[in-house]
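Notes to accompany the following structure.
The values are calculated or read from the model by the stated rules, or taken from the named source; none is laboratory data. Predicted, not measured: the structure shown is a model, and the values here were computed from it. For neighbour counting, all protein chains shown are included, and Cβ atoms are generated from backbone atoms with ideal geometry for every residue, glycine included.
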Amino acid sequence: MVFDENWITFTLRYVVDFKSRPTTKSNLSEKTLTVINASNSKIEVASTAFKINAFPK
């Protein structure tokens, strides 16, 4: 787990046959998003914060 000002990055290592790696990665991602969506807003996916220094004229 790595923290910075806008994100928490999780690294997950799993042992799987190389042929099923893309499918396994997709399944893990889908299940993770399902759990996040079922958390009743206790966990949310956010985007990067932007600081606007000047407005175009």
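Mind listing just one residue for me: the one in the stretch 1-21 that is surrounded by 10 or more Cβ atoms within 10 Å (Cβ to Cβ) and not hydrophobic (A, V, I, L, M, F, W, C) and, of those, nearest to GLU44 (Cα to Cα)? Filtering the stretch 1-21 for residues that are surrounded by 10 or more Cβ atoms within 10 Å (Cβ to Cβ) and not hydrophobic (A, V, I, L, M, F, W, C), the one nearest to GLU44 (Cα to Cα) comes out as ASN6. Selection of first residues in the stretch 40-57 that are closer than 21 Å to THR9 by Cα and of second residues that are in a loop (DSSP other than H, G, I, E, B) and modelled with pLDDT under 75, restricted to Cβ pairs under 7 Å at least 6 apart or on distinct chains, gives the following pairs, ordered by first then second residue: THR48/ASN6; ALA49/ASN6.
Would you pick out the residues in the stretch 10-39 that are assigned to a loop (DSSP other than H, G, I, E, B) and either touching a Gly at 6+ places or on another chain (Cβ under 6 Å) or modelled with pLDDT under 90 (or both)? Hits for the stretch 10-39 are PHE10, THR11, LEU12, ARG13, TYR14. Just to be sure, is THR48 at pLDDT below 85 and either part of a helix (DSSP H, G or I) or polar (S, T, N, Q) (or both)? So THR48 fits the description; yes.
Flag: LYS42 does not match the condition of being in a helix (DSSP H, G or I) and within 17 Å of the chain's Cα centre (by Cα).
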